[in-house]
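Just below is one structure, and these are the notes that go with it.
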Amino acid sequence: MRRFLRPGLAILAVALVTSACTRPTGWIDAATTVAEDRSFSQVATDAEIRLDLNKKLLGSKYRDLFLEVSTDVHEGRVMLTGSVKSAANKNRITALAQDITGIRTIYNDMQVTNEGGFKNAANDVWIEGKIKARLVAEKGVRSINLRWRAVNGVVYVIGRLRTAAEISKVLTVIRDVDHVIKVINHIVIKPAPAAAPAS
């Protein structure tokens, strides 16, 4: 006897697969935790926040916005990106994140615009992939501590790096990618943890 997923579970399954496959920076946490400067417990907290956000977006109150919003969480700071057609919907997206435990800061970077479509989306995916390739190859940059999204040619980046010089280098690399119109920077400086004293 063939089993079918209930509609809600089917939507969740599709959403999880889609978020894992369509974005270069969206499915990286589990595989890179050891190399990141974030602690394992912080990675777990961030993953829980992101899951809570996506659960809310799949609920009846916000389901119409699910495909419009990308969520990235780094050390309790939430970056919401995408595009909506009204300021009211942008405000709804801020509201859905406000009562989730563990969130320290919310960056609502949703664009209110009628622009978009397949051509812009394809261009944004290309930009994100090009940024990844260039940052991985850039000496002196720990890109593993960053997450970024491109929306209609605007790039939003969040994470933490160890020096202002490293941040400057990252922003220069991103700005030099073709078709990038603007960069919105949410990177913070946070020194690496001190090494344990020798016994």
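General remarks:
- Here residue 172 sits with roughly 70 square angstrom of accessible surface, probe radius 1.4 Å.
- Rounded accessible area of residue 132 (nearest 10 Å², 1.4 Å probe): 80
- Accessible area in the full protein assembly, largest first, 1.4 Å probe, for 67, 51, 161: 67, 51, 161
- In terms of the mean number of neighbouring beta-carbon atoms within 10 Å, the peptides 145-158, 72-85, 90-103 order highest first as 145-158, 72-85, 90-103.
- Proximal lysines relative to residue 169, as straight alpha-carbon distance under 27 Å, when same-chain residues fewer than 8 apart are discounted: 130, 132, 139, 182, 190
- Reachable aspartates and glutamates from residue 119, criterion Cα separation under 17 angstrom, eight or more residues apart if same chain: 68, 128, 178
- Rg/Rg_ref, region 65-199, where Rg_ref = 2.2 N^0.38 Å and atoms are Cα: 1.15
- At R0 = 25 Å, FRET efficiency that the Cβ-Cβ distance of residue 181 and residue 86 yields, to 0.05: 0.70
- For region 160-177 and region 63-129, distance of Cα centres in Å: 23
- FRET efficiency for the pair residue 119 and residue 39, taken as 1/(1 + (r/R0)^6) with r the Cβ-Cβ distance and R0 = 30 Å, rounds to 0.15.
- Note on surface exposure: 68, 128 rank 68, 128 by accessible area, highest first, 1.4 Å probe.
The values are calculated or read from the model by the stated rules, or taken from the named source; none is laboratory data. Remember, it's a predicted structure, so these values are computed and weren't measured experimentally. Cβ: placed from backbone, ideal geometry, glycine included. Neighbour counts: every protein chain shown. Ligands, DNA and RNA are excluded from the accessible area calculation, which covers all protein heavy atoms including side chains. Shrake-Rupley method; radii C 1.70, N 1.55, O 1.52, S 1.80 Å.
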